[in-house]
Ligand code: NDP
């Protein structure tokens with residue numbers, strides 16, 4: 001078995017040498033335990049944000065889809081697939097007791113029919129549910145409203161924009177690449193695309209949203225978000241999902257935030273952050289609904305798949321730099 005351990009804390013963009021790929025010999029299974037073999041690993045921005053809290057020498061965090069290959073547990077029989085927060089490792093032994101730990105989030109994978117199991121890490125997993133609950137419950141979009149999504153071509157953002165279209169909204173996606181923009185407009189049905197790497201974000205947004213912005217789903221933070229907040233309508237709603245602009249930055253060198261409180265007060269905005277597991281009790285509702293929308297052709301998805309366990313680190317830093325369209329996963 002192989003695993004990646006944290007060797008050195010990240011500084012700026014993570015370096016390959018910050019993690020170490022090590023071999024481990026696994027013990028025999030005890031009663032109530034099962035062995036699972038990784039099939040797909042997830043690489044996500046939150047791993048970069050969470051890393052400072054990890055102790056050196058621990059397995060690097062992350063969710064994976066794994067196949068149970070040996071078992072002394074009736075609940076987790078051989079042949080079943082599970083999704084769990086096992087970290088970047090090829091093989092994992094878990095006890096039934098450990099599997100109940102809410103932090104490990106171990107679940108037998110629901111039946112996706114003919115769809116790829118990897119979707120359990122994306123549109124039919126945590127990012128899909130972050131989009132479903134985080135957008136609908138916090139932004140509470142109404143038909144005809146204008147919705148802006150940043151990080152629009154990623155795992156969460158691409159789903160948010162399509163749900164906003166399903167709800168009858170005018171949808172503006174912001175991302176950092178024109179090819180991504182073509183996908184958003186031509187295939188996912190977004191109404192407008194803005195490349196934040198080009199100048200005049202403020203003016204371009206005002207053109208795309210002449211009546212102002214009612215809902216903002218924020219994946220990125222920073223200047224992009226300050227600009228969107230400055231164009232919100234009265235009683236606008238903002239769902240704060242993440243702030244990737246700052247994840248690789250040295251905090252002491254980050255520019256001070258543009259002052260946005262004026263707009264927040266005058267427009268009486270409601271801004272709320274969330275963590276998707278807040279809706280743990282309704283988890284299957286989100287997955288079932290997203291699956292239904294996929295089967296009806298209303299929700300499309302893309303994955304950027306990197307092959308090989310030994311390429312996990314590269315997949316991770318590529319994703320952090322915008323190399324992915326849709327969900328970034330590793331096929332082990
Ligand atoms: P994505 O698939 O969106 O991948 C990350 C993307 O971020 C890249 O593709 C890149 O796209 C964009 N990006 C990178 N650097 C910057 C930057 N400086 N400014 C603007 N965009 C940048 O990841 P996810 O969909 O998994 O996650 C999106 C956000 O949601 C993250 O902030 C993440 O932490 C958060 N999240 C929060 C959850 C929650 O429960 N609250 C759950 C899941 C995710 P581009 O080419 O457009 O630059």
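The values are calculated or read from the model by the stated rules, or taken from the named source; none is laboratory data. All of these numbers come straight from a predicted model, not from anything done at the bench. Backbone-built Cβ (ideal geometry, glycine too); neighbour counts: all protein chains shown.
Points to keep in mind about this one:
- Residue list for the stretch 229-266, restricted to those being assigned to a helix (DSSP H, G or I) and within 12 Å of the ligand (Cβ to nearest atom): 244, 245, 246
- Complete set of residues in the stretch 289-324 that are more than 26 Å from residue 18 (Cβ to Cβ) and in contact with a strand residue (DSSP E or B) (Cβ under 7 Å, 6 or more places away or on another chain): 301, 302
- Of all the criteria given as (1) closer than 30 Å to residue 113 by Cβ; (2) in contact with a strand residue (DSSP E or B) (Cβ under 7 Å, 6 or more places away or on another chain), the one not satisfied by residue 189 is (2).
- Of 161, 151, 113, all but one fail to be under 17 Å from the mean Cα position of the chain (by Cα) and under 28 Å from residue 309 (Cβ atoms); the exception is 151.
- Among the residues here, residue 300 does not qualify as part of a strand (DSSP E or B), at pLDDT 95 or above and surrounded by 15 or more Cβ atoms within 10 Å (Cβ to Cβ).
- Candidate set: the stretch 267-280, residues that are within 29 Å of residue 128 (Cβ to Cβ) and more than 19 Å from the chain's Cα centre (by Cα); chosen: the one nearest to the ligand (Cβ to nearest atom): 271
- Residue list for the stretch 28-64, filter: in a strand (DSSP E or B) and more than 16 Å from the ligand (Cβ to nearest atom): 33, 34, 35, 36, 37, 38, 39, 59
- Odd one out for residue 104, checked against (1) touching a strand residue (DSSP E or B) at 6+ places or on another chain (Cβ under 9 Å); (2) more than 22 Å from residue 161 (Cα to Cα); (3) touching a residue at least 24 places away in the same chain (Cβ under 8 Å): (3)
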